[in-house]
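In what follows, a structure is listed as structure tokens, so that the remarks can point back to it.
The values are calculated or read from the model by the stated rules, or taken from the named source; none is laboratory data. On a predicted model such as this, the values are computed, not experimentally measured, just so you know. Virtual Cβ from ideal backbone geometry, glycine too; neighbours counted across all protein chains shown.
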Amino acid sequence: MKKHILPALKLTVVMIILLAVIYPLAIAAVGKLTPGKGKGETISVNGKVVGYANIGQNFTQDKYFWGRPSAIGYNASGSGGSNKGPNNPEYLKLVQDRIDSFLVHNPSVKKEDIPAELVTASGSGLDPDLSPAAVRIQVKRVAAIRHLDEATINALVDAYVQKPLLGLFGPAKVNVLKLNVALDELH
């Protein structure tokens, strides 16, 4: 019995030290090397924090680019989706309401041209990014409201497109909060 218990206890102590002490410290050390030092990258305007770069924000005014809808109201204390399937009548009505609202605010856009990400929530409900196509479809509205040339807005969008990692991994994306802060700085 001693032959089996002693090695098991030794292995347990080694694994506790490895997984409960060394691993968390290593992850914390890596976090300190990231923007925001592991606390999230904050976006500030005039010294005041207006949001986090990795958490979606609710923009509803026409002068801003709208982000992806959230099933949890952009509440970062817990992420989650709606858990409603694509045939759920409540879900279909919600998506149709989002489409109708988008079309009212963007009358030059046809229904079939609206990217799905503008009318469907992400799995986490906190997605801060949109595809460049989902941002560009809003340029006409933002330019008209702000009395700016569409070319100026498109140039700003181009400046905020984040290319895939190493040109291979993931899609091109635009952080909506960063873009909207830059948009306010144009005036």
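Report whether or not Arg141 is surrounded by 14 or more Cβ atoms within 10 Å (Cβ to Cβ), assigned by TED's automatic domain parsing to the domain that holds Lys163 and in contact with a His (Cβ under 9 Å, 6 or more places away or on another chain). Give the steps one after another, and end with the answer.
On the way: surrounded by 14 or more Cβ atoms within 10 Å (Cβ to Cβ): yes; assigned by TED's automatic domain parsing to the domain that holds Lys163: yes; in contact with a His (Cβ under 9 Å, 6 or more places away or on another chain): yes.
Spelling it out, Arg141 is indeed surrounded by 14 or more Cβ atoms within 10 Å (Cβ to Cβ), assigned by TED's automatic domain parsing to the domain that holds Lys163 and in contact with a His (Cβ under 9 Å, 6 or more places away or on another chain).
Of (1) without any contact (Cβ under 8 Å) to a residue 24 or more places away in the chain; (2) under 30 Å from Gly47 (Cβ atoms); (3) not basic (Lys, Arg), Gly167 satisfies all except one. Which?
Gly167 satisfies all of (1) without any contact (Cβ under 8 Å) to a residue 24 or more places away in the chain; (2) under 30 Å from Gly47 (Cβ atoms); (3) not basic (Lys, Arg) except (2).
Of everything in segment 21-52, what is without any contact (Cβ under 8 Å) to a residue 60 or more places away in the chain, among the small types (Gly, Ala, Ser) and either surrounded by 10 or more Cβ atoms within 10 Å (Cβ to Cβ) or in contact with a His (Cβ under 9 Å, 6 or more places away or on another chain) (or both)? Give them in sequence order.
Ala26, Ala28, Ala29, Gly31, Gly36, Gly38, Gly40, Ser44
Would you be able to say whether some residue in segment 79-92 is assigned by TED's automatic domain parsing to the domain that holds Glu150, under 27 Å from Val142 (Cα atoms) and either touching a residue at least 12 places away in the same chain (Cβ under 8 Å) or surrounded by 10 or more Cβ atoms within 10 Å (Cβ to Cβ) (or both)?
Going through segment 79-92, the residues assigned by TED's automatic domain parsing to the domain that holds Glu150 turn out to be 79-92.
Filter once more, so that each one left must be under 27 Å from Val142 (Cα atoms): none.
No: segment 79-92 contains no residue that is assigned by TED's automatic domain parsing to the domain that holds Glu150, under 27 Å from Val142 (Cα atoms) and either touching a residue at least 12 places away in the same chain (Cβ under 8 Å) or surrounded by 10 or more Cβ atoms within 10 Å (Cβ to Cβ) (or both).
If you scan segment 83-102, which residues turn out to be at pLDDT 80 or above and outside any helix (DSSP H, G or I)? If you could, list the steps in order and put the result at the bottom.
To start, the set of residues in segment 83-102 that are at pLDDT 80 or above comprises 84-102.
Passing the criteria: Lys84, Gly85, Pro86, Asn87, Asn88.
For the subset of segment 149-173 comprising residues that are β-branched (Val, Ile, Thr) and within 16 Å of Gly67 (Cβ to Cβ), which member is surrounded by the most Cβ atoms within 10 Å (Cβ to Cβ)? Steps first, answer last, please.
So in segment 149-173, the residues β-branched (Val, Ile, Thr) come out as 152-153, 157, 161.
Add one more test, that the residue is within 16 Å of Gly67 (Cβ to Cβ), and what stays is 157, 161.
On the way: Val157: 20, Val161: 15.
The qualifying residue surrounded by the most Cβ atoms within 10 Å (Cβ to Cβ) is Val157.
Identify the single condition in (1) charged (D, E, K, R); (2) in contact with a Ser or Thr (Cβ under 8 Å, 6 or more places away or on another chain); (3) not in a loop (DSSP other than H, G, I, E, B) that Arg68 does not satisfy, given that it satisfies every other one.
The single condition Arg68 does not satisfy is (3).
Please tell me if Gly80 is assigned to a loop (DSSP other than H, G, I, E, B) and out of contact with any Gly (no Cβ under 9 Å at 6 or more places or on another chain).
Against the criterion (assigned to a loop (DSSP other than H, G, I, E, B) and out of contact with any Gly (no Cβ under 9 Å at 6 or more places or on another chain)), Gly80 does not qualify.
Taking the condition outside the structural domain of Ser122 (by TED's automatic domain parsing), surrounded by 10 or more Cβ atoms within 10 Å (Cβ to Cβ) and basic (Lys, Arg), does Lys63 pass?
Here the answer is no, as Lys63 does not meet what is asked.
Scan segment 12-65 residue by residue and report those that are part of a helix (DSSP H, G or I) and among the hydroxyl-bearing types (Ser, Thr, Tyr). So that I can check it myself, show each step before the final result.
Initial filter on segment 12-65 (part of a helix (DSSP H, G or I)): 12-32.
Those that are part of a helix (DSSP H, G or I) and among the hydroxyl-bearing types (Ser, Thr, Tyr): Thr12, Tyr23.
Out of segment 103-133, which residues are touching a residue at least 24 places away in the same chain (Cβ under 8 Å) and outside any loop (DSSP other than H, G, I, E, B)? So that I can check it myself, show each step before the final result.
To start, the set of residues in segment 103-133 that are touching a residue at least 24 places away in the same chain (Cβ under 8 Å) comprises 105-106, 108-109, 113, 117-132.
Those that are touching a residue at least 24 places away in the same chain (Cβ under 8 Å) and outside any loop (DSSP other than H, G, I, E, B): His105, Asp113, Glu117, Leu118, Asp129, Leu130, Pro132.
Of the residues that make up segment 67-77, is at least one loosely packed, with under 11 Cβ neighbours inside 10 Å, touching a Gly at 6+ places or on another chain (Cβ under 9 Å) and either modelled with pLDDT under 85 or assigned by TED's automatic domain parsing to the domain that holds Val181 (or both)? Working first, answer last.
We begin by selecting, within segment 67-77, every residue loosely packed, with under 11 Cβ neighbours inside 10 Å; these are 73, 77.
Checking which are touching a Gly at 6+ places or on another chain (Cβ under 9 Å) leaves us with 73.
Imposing the further condition that a residue be either modelled with pLDDT under 85 or assigned by TED's automatic domain parsing to the domain that holds Val181 (or both) reduces the set to 73.
Yes, there is a match, as at least one residue in segment 67-77 is loosely packed, with under 11 Cβ neighbours inside 10 Å, touching a Gly at 6+ places or on another chain (Cβ under 9 Å) and either modelled with pLDDT under 85 or assigned by TED's automatic domain parsing to the domain that holds Val181 (or both).
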